[in-house]
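What follows is one structure encoded as structure tokens, with my remarks underneath.
Computed from the coordinates by the stated procedures, all read-outs in this text should not be read as laboratory data. This structure is a prediction, so every number in the text was calculated from the model and none was measured. Because the Cβ atoms are built from the backbone with ideal geometry, glycine has one as well, and the counts that use them run over all protein chains shown.
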Amino acid sequence: MDWDQLEEADWLFRKMVRRFIKERDKILIEGVALPGLLILNKIIRDGAQRLGDLAEELDFTSGAVTALSDKLEEKGLAVRCKGKDRRTVLLDITDKGREMLQRNQNIGRCCITILFDGLDKNRLSEQISAYRQIIGNLEHFSEIILGLARENSERAQSADLTGRYDSENRKSRFLSY
């Protein structure tokens with residue numbers, strides 16, 4: 001593979017993620033952040049949810065889901081309730097939450113339309129395929145990188161090379177890790 005192209009793809013991918021999060025975090029709909037709307041929409045679609053399940057399904061941390069749930073409750077848009085076994089706590093949407101989602105049902109469609117504007121059906125299919133591939137590649141990403149870092153550290157300790165820079169590494173026009 002062409003290393004320069006891979007570096008550029010990496011840089012653009014990370015830039016896209018950072019920009020998306022930066023832009024997304026500027027948006028409050030009736031005082032609710034977009035991830036809060038995702039939570040409410042998930043509840044509408046699938047019924048009351050455990051916070052851990054919401055975190056897993058929406059790829060949020062459990063802390064983020066807890067904070068978002070607290071805000072949704074404060075605004076009267078969601079409520080925590082007991083599950084069937086009393087130990088389980090579920091988040092459910094209130095009538096006020098349903099009304100707010102109904103008023104703003106066009107927001108999600110607009111977000112998606114803006115993000116993928118200009119992509120024809122073929123390019124969109126290629127993009128979907130690329131996203132699936134990258135998600136698959138991320139499956140063991142942290143384990144592999146941490147393993148490599150451990151090996152590097154062990155190799156450096158055994159060869160007493162700590163602090164040296166590999167002179168074969170060349171400068172890139174993209175910032176790398």
Electrostatic dipole magnitude of the chain [Cβ: Lys, Arg +1; Asp, Glu -1; Cα centre; debye, to 20]: 720
Reference-scaled alpha-carbon Rg (2.2 N^0.38 Å with N residues) for the chain: 1.39
Projected label distance in nm at Lys22 and Ile128, using a 7 Å step from Cα toward the beta-carbon: 3.0
Calculated log₁₀ intensity ratio I(q)/I(0) where the Debye formula runs over C-alpha points of the stretch 26-117, q = 0.15, 0.22, 0.25 Å⁻¹: -0.55, -1.13, -1.40
Residue among Ser172, Ser158, Leu68 farthest towards the positive dipole end of the stretch 40-177, charges placed on Cβ: Leu68
Full-extension gain in nm, Ile114 to Lys96, via 0.36 nm per residue minus C-alpha separation: 3.7 nm
For the stretch 26-117: relative contact order, % (alpha-carbon pairs under 8 angstrom, 6 or more apart): 27
Range of Cα positions in the stretch 118-162 per principal axis (Å), largest first: 55, 18, 10
Whole-number percent relative contact order across the chain, with pairs defined as alpha carbons under 8 Å at least 6 apart: 19
